[in-house]
Amino acid sequence: MIIAADFRRQVSRSVVWLSEMSLAIDLIQVGLWKVEGHLVADCVGDRVRR
């Protein structure tokens, strides 16, 4: 599992290559905001499999 605010193209390409080597990897993109004094997280994820 790789968690980040954004993924560079090199990271995405590396994950695709690793998935071709039969390794399943989750890419989780996280955004954080402060709303009325509270921290709010938004997550989007993809599992890369071949």
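The values are calculated or read from the model by the stated rules, or taken from the named source; none is laboratory data. Since the model is a prediction, treat every value here as computed from it, not as a measurement. Heads up: the accessible areas ignore ligands, DNA and RNA and are worked out on the full protein's heavy atoms, side chains in. Shrake-Rupley method; radii C 1.70, N 1.55, O 1.52, S 1.80 Å.
Taking every DSSP helix (H) stretch of at least 4 residues in the chain, weighting each as -39,500 (n - 2.57) and dividing the sum by the residue count yields a mean residue ellipticity at 222 nm of -7500 deg cm²/dmol.
Note: relative contact order over the chain, using C-alpha pairs below 8 Å and six or more positions apart, is 40 percent.
Using alpha carbons only, the radius of gyration of the chain set against its Kirkwood radius gives Rg/Rh = 1.13. Between 0 and 90 degrees, the angle of helix 9-20 with respect to the longest Cα principal axis of the chain falls at about 50 degrees.
What a 1.4 Å probe finds exposed on the chain is 53% carbon and sulfur by accessible area, rounded to a whole percent.
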